[in-house]
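Values in this text are rule-based calculations from the coordinates and carry no lab data. Nothing here was measured: the structure is a model prediction, and the numbers come from that model. Every residue, glycine as well, gets a Cβ built from its backbone with ideal geometry; the counts of neighbours run over all protein chains shown.
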Amino acid sequence: MAAERAAASTIKIGVIGCGYWGPNLIRNFVEAEGCAVVSVCDLNLARLAAMKARYPTIEPSTDYREVIDDPAVDAVVIATPVSTHHALAREALLAGKHVWVEKPMTLTSAEAEELIDLAACKNATLMVDHTFVYTGAVQKMKELVASGDLGHIYYYDSVRVNLGLFQHDVNVVWDLAPHDISIMTYLLDAAPLGVSAVGACHVGNGAENIAYVTIHFPDNLIAHFHDNWLAPVKVRQTLIGGSRKMILYDDLEPSEKVKVYDRGVKVGENSGEKRYQTLVAYRTGDMYAPHLDHTEALRFATSHFLECIATGRCPITNGEAGLQTIRILEAADRCLKRGARWEVL
């Protein structure tokens, strides 16, 4: 089986796709302990030549089947357009390989479910590259939420906007929202009830370039995402509000990416004839920025993938995590396409 073969020796990696993100993956796997990148596939000969010049031991190829069919390859890393993820991952799993696949995992939840079942059948590791989950900032926020320091979580609010990059095969929700949805589902121990979304296309290709997605949870917990390819500035901010404390996460902040605010409100009732009125007391306490692990997220993620292959441990961002993200994206997309106000999950 795949796990037994990889655990016995150095884990050999084959990478399919070396465009925008692929070179970062190649670099981190090359530098990881207990791992060797043996082959790289891409249709662009110039990209392959650049990878070969930088890493002379890598075997270049323009045919992905050469990577998947190579008996020396233990794990296949897929960094290609989302429309190709399912077919490539499926072939790799059927060949008995472990699989790392870029976000979003697939274009449909049915495709994701098939990959999950196939990985289980083959006893293979299936990991989705939700890179932000592996940042020191998100790991610290997970610690704060899990500890109960924030109290009861009221809301999760995220803004991810910039000018471009326009994608040819997906809209802005499928491009940008997977980052924040994956972070949210990792941080919040709650199952969403439904999704609502609105958006618009301004460039004539039918794909929304701006969208607002709202996710509804039990107990009045609400999450909101603003994704935009037409903003004049780049913004990467998340607010998490709790009954005790609140978090501001700014990924573009060079040092203090996470700030914890001891601020909130306390609501009470009036007595006597005005019992129907409420009293709101505001609490304004200190702010502090916790120490964060500044290890490159992709280095942490690639090491985690290799560890999971070697030990059989389930990845943090496994197939189920990828599937949950896909289900939310699908519901948001149905709202956008049909003009519906609500989609039940």
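Key figures
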quantity	calculated
Residues with amide H under 5 Å from that of residue 201, placed H, sequence gap 5 or more	209
Sequence ranges 128-139, 290-301, 54-65, ranked by mean other-Cβ count within 10 angstrom, highest first	128-139, 290-301, 54-65
Extension reserve of the residue 255-residue 62 stretch, reckoned as 0.36 nm per residue once the Cα distance is removed	65.4 nm
Among beta bridges that DSSP assigns inside the chain, antiparallel share in %, nearest 5	60 percent
Non-local Lys pairs in the range 2-124, i.e. 8 or more apart or on different chains, that have alpha carbons under 20 Å apart	4
About the Cα centre, charge dipole magnitude for the range 2-124 (Lys/Arg +1, Asp/Glu -1 at Cβ), debye	340 debye
Highest average packing first - 72-82, 313-323, 146-156, Cβ atoms within 10 Å	72-82, 313-323, 146-156
Peptides ranked, highest mean first, by Cβ atoms within 10 Å: ranges 92-99, 244-251	92-99, 244-251
Relative frequency of Cα-Cα separations exceeding 39 Å in the chain, percent	19 percent
Mean-position separation - Cα centroids, the range 213-271 and the range 314-333, in angstrom	22 Å
Cα gyration tensor shape for the range 153-263, rounded if a/c is under 1.5, else prolate or oblate	oblate
Euclidean distance between Cα centres, the range 157-202 to the range 102-131, Å	19 Å
Distant-in-sequence amide H partners of residue 103 (H built 1.01 Å from N, under 5 Å)	129
Cut-off under 5 Å, modelled amide H: who pairs with residue 242 long-range	154, 247
HN-Hα J in Hz across the range 105-113 - Karplus 6.51, -1.76, 1.60, θ = phi - 60°, x for Gly and Pro	4, 8, 8, 9, 5, 4, 5, 4, 4
Derived scalar couplings ³J(HN,Hα) [the range 243-254; Karplus, 6.51 cos²θ - 1.76 cosθ + 1.60; whole Hz; x for Gly, Pro]	6, 10, 9, 9, 10, 10, 10, 10, 5, 8, 5, x
Note, ³J(HN,Hα) from phi for the range 73-83, Karplus 6.51, -1.76, 1.60, rounded to Hz, x at Gly and Pro	7, 8, 9, 10, 9, 10, 10, 10, x, 4, 5
Computed lengthening from residue 152 to residue 87, 0.36 nm per intervening residue step minus Cα-Cα distance	19.2 nm
Spin-label model distance (nm) - residue 202 vs residue 166, 7 Å beyond Cα toward Cβ	1.2 nm
Spin-label zone in the range 307-345 - amide nitrogen under 19 Å from a point set 7 Å from the Cα of residue 110 along the C-beta vector	323-335, 337-338, 344-345
Modelled FRET efficiency - R0 35 Å, residue 46 with residue 237, Cβ distances, 0.05 increments	0.45
Whichever lysines have a C-alpha closer than 26 Å to that of residue 245, once near sequence neighbours (fewer than 8 apart) are set aside	140, 142, 257, 259, 266
Estimated [θ] at 222 nm from DSSP helical runs (n ≥ 4, -39500 (n - 2.57)) normalised by residues in the chain, nearest 500	-10500 deg cm²/dmol
Exposure proxy order (Cβ contacts within 10 Å, fewest to most) of 21, 174	21, 174
Cβ-based exposure ranking for 212, 288, in which fewest neighbours within 10 Å come first	288, 212
Full-extension gain in nm, residue 337 to residue 244, via 0.36 nm per residue minus C-alpha separation	29.6 nm
Order of 51, 141 under a 10 Å beta carbon neighbour criterion, fewest first	51, 141
